Amino acid sequence: MNKKLAEWIAGEGYTPYGENMFYGVKEGYQVFGSAADSLLLSVSAPIGGKEGLLSNALAELKASRKIMNYSVTARGIRATIGTTFSFGIVFGAKKLAVIHEILQKFSECLVPKDCCPYCGNALKQEGGEGGAVLSRPGKEIFLCHEQCMENEKAESERQRAEYANRPGNYARGFLGALIGTAAGCLVWGAVYMFGYYASIIAVAIAFLASFLWEKFGGKNDKVKIVAISVLTVAGIVVTQFALYLIMTFQEMEEAGVSGNVIAMFLELMSTNAEFSRAIWIDTGMAVGFGLIGLLAAVISMVKKQKQMFSV
Ligand SMILES: [Zn+2]
């Protein structure tokens with residue numbers, strides 16, 4: 001635990017938890033914080049139809065108070081506040097005053113206090129009637145009714161099962177990914193023809209394929225990973241060789257040589273060591289960047305799936 005953070009937590013009356021985390025009640029609201037390079041802050045209370053109002057209020061704060069992003073759900077808000085910890089060394093307690101401004105916004109929006117974030121009813125002592133438990137949904141900690149938490153878990157589990165059982169539209173997903181790959185490859189090829197080796201575009205191809213697979217109705221599952229991997233790598237290799245054929249053709253035109261472009265290319269590949277080496281290095285690099293893109297796309301997809309069903 002960061003020493004300055006520990007002092008601040010004690011001073012504010014919060015309960016320290018784990019590595020640089022804290023929770024407690026402030027101004028009647030349940031606050032949870034997790035500090036790293038930035039501070040993840042959550043305030044848990046039933047929002048009850050005031051999501052829009054609260055979003056607007058937070059949008060006002062966002063620009064002036066280093067709130068990097070926030071989300072509002074039915075049972076509270078989650079906000080990431082920047083530069084509280086710079087590299088985990090400097091602790092800016094003053095900057096944490098933003099917590100009180102956020103609590104102020106809650107009050108302004110008339111969000112109920114001192115109650116279960118799920119149902120809005122009073123929290124009783126643990127073990128008593130309607131006993132409260134400390135929940136740990138995702139990374140946040142707050143008090144709620146055990147039954148309410150169980151209900152959310154069950155609902156989340158139900159959604160997860162429903163998603164898993166829903167037949168994915170693989171044909172449509174594949175079509176989307178194919179369009180994404182083709183579009184990415186076309187842009188990449190065009191940029192290459194203008195004389196730039198823009199490997200970043202090879203990274204983007206996987207993202208485009210992944211994005212359009214889902215947009216077209218494909219599910220985020222293992223089939224998708226296989227499909228976008230094959231499409232991305234195949235797209236990159238095909239584009240790369242199409243580019244070489246075009247360039248070979250151009251060279252032949254300039255030199256006034258006639259004949260079969262593919263035959264000429266293959267002959268160069270087999271007779272000119274420098275030429276073939278350059279091509280294998282180029283292609284290897286392009287595929288390498290494509291694989292980096294794939295890895296990033298798959299990680300972001302898995303993260304998204306987890307968030308969708310996190311309780
Ligand atoms: Zn409840």
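What follows draws every value from the coordinates through simple rules; no lab data is involved. Remember, predicted model here, so these are calculated numbers, not experimental data. Cβ sites come from the backbone with ideal geometry, for glycine too, and all protein chains shown count toward neighbours.
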- Query: Straight-line reach from Lys66: which aspartates and glutamates have a Cα under 17 Å away, not including same-chain ones fewer than 8 places off?
  - Reply: Asp37, Glu101
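Could you give the C-alpha radius of gyration of the range 170-308 expressed as a fraction of 2.2 N^0.38 Å, taking N as the number of residues it contains? Show your work: numbers first, answer last.
Numbers: Rg = 17.2 Å, N = 139, 2.2 N^0.38 = 14.3 Å.
Normalised by 2.2 N^0.38 Å, the Cα Rg of the range 170-308 equals 1.20.
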- Item | Efficiency of FRET between Lys124 and Asp37 - r from beta-carbon atoms, R0 45 angstrom, step 0.05 | 0.70
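If N is the number of residues in the chain, what value comes out of its Cα radius of gyration divided by 2.2 N^0.38 Å? Please list the in-between numbers first.
On the way: Rg = 27.4 Å, N = 311, 2.2 N^0.38 = 19.5 Å.
So the chain has a normalised radius of gyration of 1.40.
Mean separation of Cα pairs under 8 Å and 6+ residues apart, divided by the residue count of the chain: what relative contact order is that in percent? Before the final figure, lay out the partial values.
Working: 433 pairs, mean separation 39.7, N = 311.
It comes to 13 percent, rounded to a whole number.
Starting from 0.36 nm per residue, how many nanometres of slack lie between Thr283 and Phe241 once their C-alpha separation is accounted for? Write out the running numbers ahead of the final one.
On the way: separation 42, 0.36 × 42 = 15.12 nm, distance 0.83 nm.
Additional length available on full extension: 14.3 nm.
Antiparallel DSSP bridges in the chain: what percent, to the nearest 5?
Values: 34 of 35 bridges.
In the chain, approximately 95 percent of DSSP beta bridges are antiparallel ones.
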- Note on the structure: Surpassing 20 Å at the alpha-carbon level, of the pairs Lys222/Lys303; Lys62/Lys113; Lys4/Lys105; Lys62/Lys105; Lys222/Lys306, are Lys62/Lys113; Lys4/Lys105
- Pairing the Cα long axis of helix 98-108 with the longest principal axis of the chain, what angle in degrees results, from 0 to 90 and rounded to the nearest 10? 70 degrees
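Express in nm, to one decimal, how much length is gained between Asn169 and Ala255 on full extension, taking 0.36 nm for each residue of separation and deducting their alpha carbon distance.
Using 0.36 nm per residue and subtracting the Cα-Cα distance, I get 25.9 nm.
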